[in-house]
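The values are calculated or read from the model by the stated rules, or taken from the named source; none is laboratory data. As the structure is a computational prediction, the values presented were derived from the model and not from experiment. As a convention, Cβ positions derive from the backbone with ideal geometry for all residues, glycine included, and neighbour counts pool all protein chains shown. Accessible surface is based on the protein model in full, side chains and every heavy atom, while ligands, DNA and RNA are left aside. Shrake-Rupley method; radii C 1.70, N 1.55, O 1.52, S 1.80 Å.
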Amino acid sequence: MRARGLAAAALVVALTACTSVPVRPPAQTAVLDAEARAGAEARLVAREAAVRALPEFAFAGRVAMSNGRDGGSGRIDWRQAGDRFEVSLAAPVTRQSWRLSGDPRGARIDGLEGGPRDGADVGQLLWEATGFDIPVAALAAWAAGTRADPAQAGEAELEFTADGQLARLRQGGWTIDYIDWQPVAAEGAPVLPVRINAARDTARVRLIVDAWSLEAATSP
C-alpha cells in the first residue's frame, strides 16, 4: 500500500505542472423519435465498423486524471493495433515519462520508481501501481467514439444530440461524455471525437485529442 501511495504521489507531482486540460460542459442530449434514433444508431454502427477495419490507429493529446483525492495532467500518446496498445504519458516540465504496453494477456508499466511492473490485468496493475482507476481496456474504443466490447465492458446505453451525434455513452459503470468532434474527417475515414470526459464514482479522465493518425486497412 505504501509503494502504491509513493508511486501515485510521484505521478501526481510530476503531472501537476503539465499543460492543463480545461473543463467544458457536456453536449446537450435530446430525445429522438424512432426514425431519428435509428439513423443515429446506424451511423454509430458504421463508425464502429470503420474503426474496427483499421489495422492501427493512434492519437496524441492532453489528459487529466483524478481519483477524488489526487490528480494531474500531462501529454499522452496512444497507439492501438488490434488488442495491442502502447500508451506514453509525459510530464514536459519535470521530463518524466511513463510507458504502458500490453494486450489481453497482460501489461507492463515502465518509468515508475522501483522499476517496471507487470500484471495480467491492466486496470488492476495501474490501480496497484498508481492509485488511479483508468479503463485502459475500453478507453481506446471510447476515445474513437465507439462502444467497447460488451463481453469485456457490458452492454452500452446511448444518448444523442438533436442532430444525431453521439453525446453520451454509459458502459461498464463509466459515463463517457463526447464534448467535441472533428469538424471534418479525411476522405474515407470516420469523424472522430477530439474531446471526451469519462467518469465513474470519484474517478475522472478528461481527454483532448490534438491529432489522430489512422492506418487504413489494405485490400487483400
> By how many nm would the segment from GLU48 to GLU113 grow when fully extended, if each residue of separation counts as 0.36 nm and the alpha-carbon distance is taken off?
Replying inline: 19.6 nm
> In whole percent, how big is the carbon plus sulfur part of the accessible area of the stretch 25-139, probe 1.4 Å, protein atoms only?
Replying inline: 51 percent
> Remind me, relative contact order of the stretch 63-220 in percent, using alpha carbon pairs under 8 angstrom and six or more residues apart?
Replying inline: 16 percent
>> Can you tell me, using C-alpha contacts under 8 Å and at least 6 residues apart, the relative contact order of the stretch 138-220 as a whole percent?
In response: 18 percent
>> Keeping all protein chains in the complex and leaving out DNA, RNA and ligands, what accessible area do you get for LEU44 with a 1.4 Å probe, in Å² to the nearest 10?
In response: 0 Å²
> What does the stretch 37-88 give for Rg and for Dmax, in Å, if only its C-alpha atoms count?
Replying inline: 15.4, 41
>> Based on alpha-carbon atoms only, what is the radius of gyration of the stretch 42-140 relative to the globular estimate 2.2 N^0.38 Å?
In response: 1.15
> Quick one: if you stick a label point 7 Å off each Cα along the C-beta vector at GLU157 and ALA58, how many nm between them?
Replying inline: 3.7 nm
